[in-house]
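Since the structure comes first, as structure tokens, the remarks are kept for the end.
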Amino acid sequence: MSFASANVPNIANSTAILEIGANDVMNAIPDILDNKLSIGSFAKSLSDKVVSQLQMLKSAGFKNIYVANIPPLDKIPLMIMQKQTKEARTIVSAYNQLLLAKTDIWAKASNISNFAMLDMNMFLQTALSKTVTNALGISDTTNSC
């Protein structure tokens, strides 16, 4: 049985949250650095998948759909240790911009009741700011535990 054909009670009143892409970015960086994959083609492919999945959620009956963009991967210890912060920042920015444009077009065309982009990038940029980390007594956000 497919998800779309499942008999889920009150699915129209349920909320779907779609969050994908962080692992895709980290896995794509070597191919991008080796010029086997362009940032543009990566961003297009991943954002196309998101729009396809949004359509599946709508077809399944969801009327409340949220999609999260990719957080600032340049801030995570792995990217810092691998010295790939610039690459991560560039890829995430290109993808998030394209995702916003494509999902905006999809949402307008789909007549979905409630759709929003969850800006995880801005949320985490703010959460990792000196003002917030100092207020919480956090002294190190760049090294792993």
Item to check | Residue that is closer than 23 Å to residue 141 by Cα and over 13 Å from the mean Cα position of the chain (by Cα), where the choices are 83, 58 | outcome: 83
Checklist entry - Name the pairs: first residue in region 79-97 and open to solvent by 50 Å² or more (accessible area, probe 1.4 Å), second residue in a loop (DSSP other than H, G, I, E, B), Cβ to Cβ under 7 Å, at least 6 apart or on different chains? => result 80/142
Checklist entry - What pairs can you find where one residue is in region 36-47 and part of a helix (DSSP H, G or I), the other is open to solvent by 50 Å² or more (accessible area, probe 1.4 Å) and acidic (Asp, Glu), and their Cβ atoms are less than 7 Å apart, with a gap of 6+ or different chains? => result 46/24
Item to check | Answer residue from region 98-116, given it is surrounded by fewer than 16 Cβ atoms within 10 Å (Cβ to Cβ) and within 16 Å of the chain's Cα centre (by Cα) and is farthest from residue 64 (Cα to Cα) among those | outcome: 101
Next on the checklist: List the residue pairs whose Cβ atoms are under 6 Å apart, where the first residue sits in region 12-29 and is part of a loop (DSSP other than H, G, I, E, B), the second is open to solvent by less than 20 Å² (accessible area, probe 1.4 Å) and not acidic (Asp, Glu), and the two are 6 or more positions apart or on different chains.
Outcome noted: 21/46; 21/70
Item to check | Residues located in region 62-78, provided they are of a type outside the set (Val, Ile, Thr) and either at pLDDT 95 or above or buried (at least 16 other Cβ atoms within 10 Å of the Cβ) (or both) | outcome: 62, 63, 64, 66, 68, 69, 71, 72, 73, 74, 75
Item to check | Check on residue 14, at pLDDT below 95, more than 25 Å from residue 125 (Cα to Cα) and in contact with a Lys or Arg (Cβ under 9 Å, 6 or more places away or on another chain) | outcome: yes
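Could you tell me whether region 129-137 includes any residue that is open to solvent by 30 Å² or more (accessible area, probe 1.4 Å), within 19 Å of the chain's Cα centre (by Cα) and either on the phi > 0 side of the Ramachandran plot or hydroxyl-bearing (Ser, Thr, Tyr) (or both)?
Residues of region 129-137 open to solvent by 30 Å² or more (accessible area, probe 1.4 Å): 129-132, 134-137.
Now drop any that are not within 19 Å of the chain's Cα centre (by Cα), which leaves none.
For region 129-137, residues open to solvent by 30 Å² or more (accessible area, probe 1.4 Å), within 19 Å of the chain's Cα centre (by Cα) and either on the phi > 0 side of the Ramachandran plot or hydroxyl-bearing (Ser, Thr, Tyr) (or both): absent.
The values are calculated or read from the model by the stated rules, or taken from the named source; none is laboratory data. Computed from a predicted model, the values in this text were never measured in an experiment. In this analysis, Cβ positions are derived from the backbone assuming ideal geometry, glycine residues included, and neighbour counts consider all displayed protein chains. What goes into the accessible areas is simple: the full protein's heavy atoms, side chains included, and nothing from ligands, DNA or RNA. Shrake-Rupley method; radii C 1.70, N 1.55, O 1.52, S 1.80 Å.
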